[in-house]
1. Go over the candidates Ala363, Ala377 one by one and state the one that is assigned to a helix (DSSP H, G or I) and either at pLDDT below 85 or open to solvent by less than 60 Å² (accessible area, probe 1.4 Å) (or both).
2. Pull up region 422-480, narrow it to residues that are small (Gly, Ala, Ser), open to solvent by 20 Å² or more (accessible area, probe 1.4 Å) and closer than 23 Å to Ala355 by Cα, then point me to the one that is nearest to the chain's Cα centre (by Cα).
3. If you go through region 317-342 one residue at a time, how many are of a type in the set (S, T, N, Q), open to solvent by less than 60 Å² (accessible area, probe 1.4 Å) and not in a loop (DSSP other than H, G, I, E, B)?
4. Looking at region 388-406, which of its residues are open to solvent by less than 30 Å² (accessible area, probe 1.4 Å) and not charged (D, E, K, R)?
5. How many of the residues in region 509-561 are part of a strand (DSSP E or B) and crowded, with 18+ Cβ neighbours inside 10 Å?
6. Quick one: Ser411 ticks every box in (1) in contact (Cβ under 8 Å) with a residue 24 or more places away in the chain; (2) open to solvent by 10 Å² or more (accessible area, probe 1.4 Å); (3) of a type in the set (Ser, Thr, Tyr) except a single one, so which number is it?
7. Have a look at Arg205, Arg180, Arg187 and point out the one that is exposed (fewer than 10 other Cβ atoms within 10 Å of the Cβ) and modelled with pLDDT under 90.
8. When you check Gly216 against the structure, is it closer than 30 Å to Val395 by Cα, in a helix (DSSP H, G or I), modelled with pLDDT of 75 or more and not hydroxyl-bearing (Ser, Thr, Tyr), yes or no?
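The values are calculated or read from the model by the stated rules, or taken from the named source; none is laboratory data. Computed from a prediction, not measured in an experiment: that's the story for all the values here. With ideal geometry, Cβ positions are generated from the backbone for all residues, glycine too; neighbour counts draw on all protein chains shown. Surface accessibility is based on the protein's heavy atoms, side chains included, excluding ligands, DNA and RNA. Shrake-Rupley method; radii C 1.70, N 1.55, O 1.52, S 1.80 Å.
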Amino acid sequence: MPPPEQPPADGSDPGSSAPPVNLTKAEKRAMEAYRFDSSALERAAQAAKELERSRHAKEALELSKLQEMTRQQEQMAKIKEYEAAIEQSKIEQRKIDHEERRKTLQEETKQHQMRAQYQDQLAKKRYEEQLLQHQRSQEEVLRKQEESVAKQEALRRATIEHEMELREKNKLKAIEAEARARAKADRENRDITLEQIRLKAIENRTTILEGIKTAGSVIGTGLNALVTDWDKTLAAAGGLSLLALGVYTAKGATSVTARFIEARIGKPTLVNETSRFSILEAVKHPILTVSKAIASFRKPSDALAGVVLAPNLEKRLRDIAIATKNTRLNKGFYRNLLMYGPPGTGKTLFSKKLAKHSGMDYAILTGGDVAPMGKDAVAAIHKVFDWANTSRKGVLLFIDEADAFLRKRSSERISEDLRAALNAFLYRTSDQSSRIMLVLASNTPQQFDSAINDRLDKMIEFGLPGREERERLIRLYFDKFVLQPSSEGKRRLSVEQFDYGALCGVLAARTAGMSGRALSKLGVAWQAAAYASDDGRLTERMCVEICDDAVADHRQKMEWLSEEEKSRSMMPYLLDLPPLDQTTSGKVTITELPSGGEAPPKSKSAPKKRSPKDLDQEK
């Protein structure tokens, strides 16, 4: 850069004469534009000479070229940026144009829609008005038709009434004329009629007298012959005796034959289910009868197959099954059993398994069917035992809810019919039998009569399943109701991949206090939930939620039990139930399963001491 010019001391501009004082501002600016500074050129020439004499002149020239090229490139970059900005502005402008066009089209479409809706509304109004007008015209036509029909009906009714009145008058006139003619004829034929009546009376009297004479002569002749001839008298007496004997013999034979046919062909009315073959059941259910017959030829299976019980109870029941089978083979006397405990713990199932394992027939009765029979209950009980005594294999007679009619006679108020039925049952079970094994089942065994307790040889308690038994039951029913149908592929059922074993362990811990029947219903609920889902898929979450709902329902059922039921039947089993988890809206909260499906770890903290009041409230 050239050095700044130093103004002269007197304030005048060097190299130029002072402008005239009287110039205007525009002229002064024009004079300033044409002013030339010669000192700057001199300094430039001096700098060029110094640069030429310098040894770095070439490098300075190259540097100046590079600087110029750099400026040109920067200038070109700025030009490109400017062109890009111009293109961007064009694109933005096009976008704005397209947006305006789109808004215009939307507004036009909206206007068209509004116009179409308005026209549609107008058309609907016109159509409704036309329908209303048409309805009014139809109503008017119907009203006129009804009035016309009413007038015609009134005319027809008046015509019919007039015709009936004329017909009634004509009939009365005809009856009157006929009565007059008959009266006139009777008056004219009175003598003839009286003579006919007199002749008929004489003939009737003569006939009766002749009949009496003939009967008397015949009876007298017969009595005279019987009195005088003893052979005829003996023949008549023998004939009458044989006739009476034949009547009574036919009556007794018919009764015995009916009982024999009922015992051999049918089954008693008290028996609800039996494995014994009968012709009537074969006719009603041929396929079921054939399947039972095929199954009877198979080798007897384990008495506890498919029955999940506690180890100690399984050992006792297995000993009973072996003893019953050997008793049948050696034709010994059977022992009577009592199985008591909460409902749904496997009493009926074990009875069927025991009968099949030992090769006996089984018959299932219900104690509640005896009381409604009234006076016929005694005969029905005798028929059951007579029917059971005709079996060659022996019959396991299972009476479910036996406390319904085998109650205490001293403290319970029972009817005379029920007391007679109890006495009949005691009479038929007074001795040990080699054909009938009696198995009673009850939820309240303390209600049995003392004579019934005297006839029981073995008492077995079926308690609620523990945690291990519940886990085995859940595995069994999960495989039966979920895994097997899903593996067949024919049903709309599939299962999500998760650890079934760990899930069964967790659910076994949640279902404390539930019976085997309640757990089987849990398996059915899983299957129904899978069928109800959109894709037919059962997930782990669904299993846990359904289980928690079933647990909450079970606890509610236990709360509904009366105090007498809790104290007599369910209280010994309810005391072992764990406390409920925290609930929300009446349902048990769901504990999230950890990864891998493992059961949540147990807390090692010591249990809190509870007061007796809290324990009473929990009970």
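1. Ala377
2. Gly463
3. Total meeting the criteria: 2.
4. Result: Ala388, Ser391, Gly394, Val395, Leu396, Leu397, Phe398, Ile399, Ala402, Phe405, Leu406.
5. 1
6. Ser411 satisfies all of (1) in contact (Cβ under 8 Å) with a residue 24 or more places away in the chain; (2) open to solvent by 10 Å² or more (accessible area, probe 1.4 Å); (3) of a type in the set (Ser, Thr, Tyr) except (1).
7. Going through Arg205, Arg180, Arg187 in turn, the sole match is Arg187.
8. In short, no.
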